[in-house]
Amino acid sequence: EKGGWSSFMAKEISEEPDAVANTIRGRVTDGLVHIPELDGLGDDVLRSIDRVLIIACGTAAYAGMVGKYAIEQWARVPVDVELAHEFRYREPVLSPNTLVVSISQSGETMDTLMAVKYAREQGARTLSICNTQGATIPRESDAVVYTHAGPEVAVASTKAFVAQITACYLFGLQLAQVRETLAADAVRALVADLQKVPDQLRDVIASGERIAELAHWMADTRSVLFLGRHVGYPIALEGALKLKELAYIHAEGFAAGELKHGPIALIEPGQIVFVIVPSPRDERSLHAKVVSNIQEIRARGARVIAIAEAGDVAVLPHADEVIRIPLASPFFEPLLAVVPLHFFGMELAAAKGLDVDQPRNLAKSVTVE
Ligand code: F6R
């Protein structure tokens, strides 16, 4: 039931903090990660795998891309992400030491299911990250880690997305513990930061009103671009997908580093560009690079809406609007940065008078090819 909400999507965005909290619950012991459902796979398997391949479609694939950055960094195992429909038709090479991780809210997406079946036939191990108890994909997999986002009714995925990312983080941390690629103290520090995210998300949700104002001003816009870097890149893709599917506006997400390789030619006066700004505390100086991207597009007339960490004053002179997110470990920023983009897609659709829960031409669960 929608309760007092204007749409299921509005309700489900408000549930994003709980989706993260409920996905963590029961999986942390003494400050370390222990996902009981992974016991079935066994630590030997987690130690012996030499490759992780994440397969999914749509928003779930973007969750997997965030997962790739974190799992690879923490567990020092190569991680690739592939769209299930591209994977299944090219006779991909897999070995018994490949762990294929599928991500699906519904657990019924045909392409993802067929990709999992193929992986099993090839002798790979399969782990399902799924939001629907007893769905087909988890039943076809060696192990399942459920995301506890609760039932998602709106066609556009929101709370399931943050839960999928959270499950990837937990899996990556447990893998790092088992493979001893992170010291226990480092894992504890990350877990403690992750546990703060639900409360931080509640703060971000308070920015929804400002986003609604922006969206209403922009109701006539014909194109919106999204830029992000590192874990902000999949969030840019997610922001663009939501705008396409909900508001029927042409939108593209780019890796900020690609700008000079083509997309900057799109910038003309008045072009709206959302930029997910990395934390200035990050050692890789990605913040400075993205601020410099903002200067480049601003000089060509772009209207920049920056999503930036609280206290990041360096972006202020360069952005037309700054949406603040609380300080988190850089890997966890996607959870916080995506919420304003979920709001934006919903509000722009609402401003255009569209049905945000049931966009045209789309189904919640894609059980056909
Ligand atoms: C976008 C969206 C879709 C799904 C995709 C996969 O908002 O909801 O892109 O993410 O169809 O669905 P599941 O996760 O059920 O496999």
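The values are calculated or read from the model by the stated rules, or taken from the named source; none is laboratory data. Small disclaimer: the values here were computed from a predicted structure and weren't measured. With ideal geometry, Cβ positions are generated from the backbone for all residues, glycine too; neighbour counts draw on all protein chains shown. Note: areas computed on protein heavy atoms with side chains; ligands, DNA, RNA excluded. Shrake-Rupley method; radii C 1.70, N 1.55, O 1.52, S 1.80 Å.
Which net charge results when you count Lys and Arg as +1 and Asp and Glu as -1 among the other residues whose beta-carbon is under 13 Å from that of GLY257?
Details: positive: ARG229, LYS260, ARG284, LYS289; negative: GLU258, GLU296.
In short, +2.
Can you list residues from other chains, or at least 5 along the same chain, whose modelled amide H is less than 5 Å from the amide H of ILE249?
Here the answer is LYS244, since their amide H atoms fall under 5 Å of that of ILE249.
Taking 8 Å as the Cα distance limit and 6 or more residues as the minimum spacing, I'd like the relative contact order of region 115-217 as a percentage. Intermediate results must be reported in sequence, preceding the final value.
Values: 70 pairs, mean separation 15.6, N = 103.
Worked out over region 115-217, it gives 15 percent.
Using alpha carbon centroids, what distance separates region 274-345 and region 1-78, in Å?
24
Starting from the Cα gyration tensor of region 1-143, take the square roots of the eigenvalues, sort them a ≥ b ≥ c, and report rounded, prolate or oblate (rounded when a/c is under 1.5, otherwise prolate if a/b is larger than b/c, else oblate). Present the calculation step by step, with values, prior to reporting the outcome.
Working: a/c = 1.91, a/b = 1.34, b/c = 1.43.
Oblate is the answer for region 1-143, as a/c is 1.5 or above yet b/c matches or exceeds a/b.
Using Cα pairs under 8 angstrom and six or more residues apart, how large is the relative contact order of region 83-125, in percent? The partial results should precede the final answer.
Details: 37 pairs, mean separation 24.2, N = 43.
Relative contact order of region 83-125: 56 percent.
With r as the distance between the Cβ atoms of GLU37 and ALA189 and R0 = 30 Å, compute the FRET efficiency 1/(1 + (r/R0)^6) and round to 0.05. Before the final figure, lay out each step's value.
On the way: r = 24 Å, r/R0 = 0.81.
So the FRET efficiency works out to roughly 0.80.
Using 7 Å Cα-to-Cβ label points, what is the GLN295/TRP5 separation (nm, one decimal)?
Using points 7 Å along Cα→Cβ, the separation is 4.2 nm.
Can you give the accessible area per residue of the chain, in Å², using a 1.4 Å probe?
Values: 14470 Å² over 369 residues.
I get 39 Å² per residue for this part.
Given a 1.4 Å probe and every protein chain left where it sits, what share in percent of the accessible area of region 19-165 is carbon and sulfur?
On the way: 2560 of 5350 Å².
The C+S portion of the solvent-accessible surface of region 19-165 is 48 percent.
Going by a ≥ b ≥ c, the root eigenvalues of the Cα gyration tensor, does region 287-358 fall in the rounded group (a/c under 1.5), the prolate group (a/b larger than b/c) or the oblate group?
Oblate, since a/c reaches 1.5 and b/c is not below a/b.
Please provide three numbers in whole Å: the alpha-carbon extents of region 91-235 along the principal axes, with the largest listed first.
53, 41, 29
Based only on Cα atoms, what mean projected area does the convex hull of the chain have, in nm²? Let's see the in-between values first.
Working: hull surface 69.2 nm².
The orientation-averaged projected area of the Cα hull of the chain comes to 17.3 nm².
For region 228-328, which whole-number percentage of the solvent-accessible area (1.4 Å probe, protein heavy atoms only) is attributable to carbon and sulfur atoms?
Details: 2160 of 3940 Å².
Carbon plus sulfur share of accessible area: 55 percent.
For GLU82, which sequence-distant residues (separation of 5 or more, or a different chain) have an amide H within less than 5 Å of its own amide H, given hydrogens modelled in the peptide plane?
Hits under the 5 Å cutoff: ILE54, ILE55, ALA56.
Got a sec to turn the phi values of region 96-108 into Karplus ³J(HN,Hα) couplings, 6.51 cos²θ - 1.76 cosθ + 1.60 with θ = phi - 60°, whole Hz, x for Gly and Pro?
Those phi angles translate into x, 8, 8, 9, 9, 9, 9, 10, 7, 5, 6, x, 10 Hz.
Provide the net charge surrounding ASP111, with neighbours chosen by a C-beta distance below 10 Å and charges set as Lys +1, Arg +1, Asp -1, Glu -1. Present the calculation step by step, with values, prior to reporting the outcome.
Working: positive: ARG88; negative: GLU86, GLU369.
Combined, the nearby Lys, Arg, Asp and Glu give -1.
Just to be sure I understand the rule: take each whole DSSP H helix in the chain, project its Cα atoms onto its long axis, keep it if the span is 20 Å or more and its mean Kyte-Doolittle hydropathy is at least 0.5. Which ones pass?
On the way: long enough: 58-75 (25 Å, 0.18); 159-178 (29 Å, 1.14); 184-205 (32 Å, 0.20); 232-247 (22 Å, 0.41); 333-351 (28 Å, 1.29).
Those that pass (Cα extent of 20 Å or more, hydropathy at least 0.5) are 159-178, 333-351.
Apply the Karplus curve 6.51 cos²θ - 1.76 cosθ + 1.60, θ = phi - 60°, to the phi angles in region 270-283 and return the couplings in whole Hz, x for Gly and Pro.
Whole-Hz 3J(HN,Hα) from phi for region 270-283: x, 4, 7, 10, 8, 10, 8, 8, x, 5, x, 7, 5, 5.
Given the chain, what percent of its DSSP beta bridges are antiparallel, to the nearest 5?
Numbers: 2 of 42 bridges.
Looking only at bridges with both residues in the chain, the antiparallel portion is about 5 percent.
From the Cα gyration tensor of region 40-105, with a ≥ b ≥ c the square roots of its eigenvalues, which class applies: rounded if a/c is under 1.5, or else prolate if a/b is larger than b/c, or else oblate?
Numbers: a/c = 1.82, a/b = 1.29, b/c = 1.41.
Taking the square roots of the gyration eigenvalues as a ≥ b ≥ c, region 40-105 is oblate.
Rounded to the nearest 500 deg cm²/dmol, what is the calculated helix-only ellipticity per residue at 222 nm for the chain, with -39500 (n - 2.57) per DSSP H run of length n ≥ 4?
Working: 13 runs with 160 residues, N = 369.
Mean residue ellipticity, 222 nm, calculated: -13500 deg cm²/dmol.
What order, most packed first, do the peptides 269-277, 169-177 have when packing is the mean number of other Cβ atoms within 10 Å of each residue? Don't jump to the answer; show the numbers that get you there.
Values: 269-277: 22.3, 169-177: 24.9.
For the peptides 269-277, 169-177, the packing ranking is 169-177, 269-277.
When only Cα pairs under 8 Å and 6 or more residues apart are kept, what is the percent relative contact order across the chain? Don't skip to the end; give the middle numbers.
Numbers: 754 pairs, mean separation 71.8, N = 369.
Once divided by the residue count of the chain, the mean separation gives 19 percent.
Ratio to report: Rg/Rh of region 180-226, with Cα atoms as the point set and Rh obtained by the Kirkwood method; give two decimals. Can you show the working numbers first?
Working: Rg = 18.4 Å, Rh = 14.0 Å.
So for region 180-226, dividing Rg by the Kirkwood Rh gives 1.31.
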